Amino acid sequence: MLISFNPADIERAAALINNTRKVVILTHMSPDGDAMGSSLAMRLYLLKKGKEATVIVPNPFPSFLAWMPTASEDIVFEKEPEQAKQALTNADLIICTDFNEPKRIGAVGELMLQQTCQKILIDHHIAPAPFADLTFSFPQSPSASEIVYHLIVALNDDNYRMPLDIATCLYTGMMTDTGNFSFNSNFPDMYEVVAQLVRLGVNKDLIYQKVFNAYTADRMRLMGYCLYHKMQIFPEHHAAFISLNRKELYRFNFQAGDAEGLVNLPLQISGIDYSCFMREDKVNPAEVMLANGSKTKIKISMRSKGDHAVNTFCRDIFSGGGHKNAAGGEYYGPLKNAEQLFLQHYPQYFHKD
Ligand code: 5GP
Ligand code: MN
């Protein structure tokens with residue numbers, strides 16, 4: 001997919017950035033590599049332009065992304081709500097990356113909407129909500145980081161050489177949102193960007209090691225437990241299902257990010273086209289408004305192969321969404337009820353033979 005911008009939008013973005021002093025960058029709840037990559041790259045770009053730039057994440061990012069350039073400077077709303085509020089109140093520009101509706105950033109979304117400053121959205125999810133003054137939306141793009149790459153290039157002249165820290169963030173986002181280029185990755189243009197990032201000095205092999213070979217022993221054991229004890233297979237509809245309650249997570253000393261990748265595992269089985277993973281979570285302070293009194297939140301992750309989509313299922317059953325092969329949603333209430341919803345509805349959505 002070729003990402004091409006409307007020249008007027010680039011001019012507007014350039015003017016907004018040039019006329020601003022304090023920028024806040026927001027990205028989605030449970031930040032993944034693309035959320036971190038796209039937001040940190042924007043921050044680093046703005047810092048180098050002499051702006052004051054702050055990234056606010058709704059809740060903590062996983063430890064395997066902590067090495068990313070300046071990640072430790074992110075404000076985590078859940079831990080430092082006052083600092084986050086202050087940064088937002090003082091901002092004269094807000095840039096949102098890698099999410100399509102304010103709900104995806106919980107309570108930070110409410111605060112963002114209260115601010116009267118201009119807002120730019122850079123995203124690759126379908127049908128972005130019209131909350132920003134300027135939206136760069138490319139739902140066909142495999143990552144928000146790739147859009148940020150093109151945007152930074154478009155904002156500069158031909159002599160621009162992207163600094164290595166920015167390139168590293170963007171590569172990380174492109175790599176993680178495509179499962180190390182194993183899904184949603186049949187785009188020749190994407191590899192042109194990868195080639196350019198490697199030319200700029202990105203050490204792709206090292207980034208892979210840091211992100212994908214960074215498990216704790218507890219996480220490996222949790223994975224074994226999921227596959228041995230918890231995975232259910234529904235062969236007729238080519239589906240696999242895993243769920244974990246809080247007690248199970250506690251047993252394996254669960255940390256943010258430990259569930260990352262578990263949903264992908266059943267797709268390694270021949271004949272399995274759909275995988276669903278659920279885990280019971282506490283409702284965090286950033287999202288009490290959405291919880292309707294429930295103390296538990298169930299996080300649903302789904303993955304699929306090829307033409308078999310999971311985003312419509314997530315949208316219809318768990319008021320979520322996402323991409324054809326990687327989607328998710330949330331359910332506020334007991335895990336049992338969320339499991340029931342999955343079991344009740346999957347046969348209508350998943351193909352049979
Ligand atoms: P993950 O399973 O990695 O949490 O999410 C995969 C993709 O599904 C995300 O990139 C995002 O597009 C989408 N997604 C996950 N959770 C939600 C959700 O609660 N609501 C919406 N709209 N999309 C979600
Ligand atoms: Mn993304």
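The values are calculated or read from the model by the stated rules, or taken from the named source; none is laboratory data. The model shown is predicted, which means the values in this text are computed figures rather than measured ones. So basically every Cβ, Gly included, is an ideal-geometry build from the backbone, and we count neighbours across all protein chains shown. The area values use the complete protein model at the heavy-atom level, side chains included, leaving out ligands, DNA and RNA. Shrake-Rupley method; radii C 1.70, N 1.55, O 1.52, S 1.80 Å.
Name the most mobile residue of 255, 340, 83, meaning the one with the largest mean-square fluctuation, in a Gaussian network model of the chain with Cα contacts below 10 Å.
340
Test of understanding: in a Gaussian network model of the chain with alpha carbons linked when under 10 Å, which of 195, 167, 327 would top the mean-square fluctuation ranking?
Among 195, 167, 327, the largest mean-square fluctuation in the Gaussian network model of the chain belongs to 195.
Could you grab the Rg to Rh ratio for the range 277-353? Cα atoms only, Kirkwood for Rh.
When Rh is taken as the Kirkwood radius, the ratio is 1.00.
Bin width 10 Å, alpha-carbon pairs only: give the P(r) of the range 164-311 as whole percents, running from 0 to the bin holding the largest distance.
Values per bin, smallest distances first: 10, 31, 32, 23, 5, 0.
How large is Rg/Rh for the range 152-195, to two decimals, with Cα atoms and a Kirkwood Rh? Let's see the in-between values first.
Details: Rg = 11.7 Å, Rh = 11.5 Å.
Rounded to two decimals, Rg over Rh is 1.02.
Per residue, how much accessible area does the chain have with a 1.4 Å probe, in Å²?
So the chain comes to 45 Å² accessible per residue, rounded to a whole number.
Considering the options 278, 244, 288, tell which one lies farthest towards the positive end of the dipole of the range 207-300, charges being +1 on Lys and Arg and -1 on Asp and Glu at the Cβ, about the Cα centre.
The residue sitting most towards the positive pole is 288.
Given the protein chains as shown and a 1.4 Å probe, how many square angstrom of residue 289 are accessible, to the nearest 10?
Here the residue's solvent-accessible area equals roughly 130 Å².
Would you work out what percent of the accessible area of the range 7-211, with all protein chains in place, is carbon or sulfur (probe 1.4 Å)? Before the final figure, lay out the partial values.
Working: 3870 of 8170 Å².
Summing carbon and sulfur atoms, their accessible area is 47 percent of the total for the range 7-211.
Quick check on the range 7-211: what are the equivalent-ellipsoid semi-axes from the Cα gyration tensor, as sqrt(5λ), descending, whole Å?
In descending order, the three semi-axes are 24, 19, 16 Å.
Rounding to the nearest 10 and keeping the result within 0 to 90°, find how far the Cα-based axis of helix 144-154 lies from the longest principal axis of the chain.
Here the helix axis deviates by roughly 10 degrees.
Pop a pseudo-label 7 angstrom from the Cα along the beta-carbon direction at both residue 63 and residue 191 and give the gap in nm to one decimal.
Modelled inter-label distance: 3.6 nm.
So if each residue of separation counts as 0.36 nm, and I subtract the Cα-Cα distance between residue 114 and residue 308, what length gain in nm does that give?
Gain in length upon complete extension: 65.9 nm.
Any idea how many Lys pairs in the range 218-349 come in under 30 angstrom at the alpha carbon, given 8 or more places apart or on separate chains?
So the count works out to 27.
Can you send over the solvent-accessible area of residue 120, 1.4 Å probe, protein chains only, in Å² to the nearest 10?
10
Which whole-angstrom value gives the distance between the alpha carbon centres of the range 44-99 and the range 150-224?
If you average the Cα positions of each part, the centres end up 20 Å apart.
Please compute P(r) over all alpha-carbon pairs of the chain, binned at 20 Å starting from zero, and give each bin as a whole-number percent.
Pair shares across the bins are 31, 59, 10.
Work out from phi, with θ = phi - 60° and the Karplus expression 6.51 cos²θ - 1.76 cosθ + 1.60, the ³J(HN,Hα) of each residue of the range 54-69, listed in order in whole Hz, and give x for Gly and Pro.
Values per residue, Gly and Pro as x: 10, 9, 10, 10, x, 9, x, 8, x, 5, 6, 10, 5, 6, 4, x Hz.
Output wanted: per-residue J couplings in Hz (rounded whole) for the range 267-282, from phi through Karplus 6.51 cos²θ - 1.76 cosθ + 1.60, θ = phi - 60°, x for Gly and Pro.
So the J values, rounded to whole Hz, are 5, 6, 7, 4, x, 8, 10, 10, 9, 10, 10, 10, 9, 7, 9, 7.
Which one, 33, 106, 224, has the greatest fluctuation when you compute a Gaussian network model over the chain with C-alpha springs under 10 angstrom?
Judging by the Gaussian network model, the answer is 224.
Within the range 7-211, what is the number of lysine pairs with alpha carbons under 14 Å apart, leaving out pairs fewer than eight places apart on the same chain?
5
Out of the total accessible area of the range 218-349 (probe 1.4 Å, heavy atoms of protein only), what percent is carbon and sulfur?
Heavy-atom surface of the range 218-349 belonging to carbon and sulfur, 1.4 Å probe: 51 percent.
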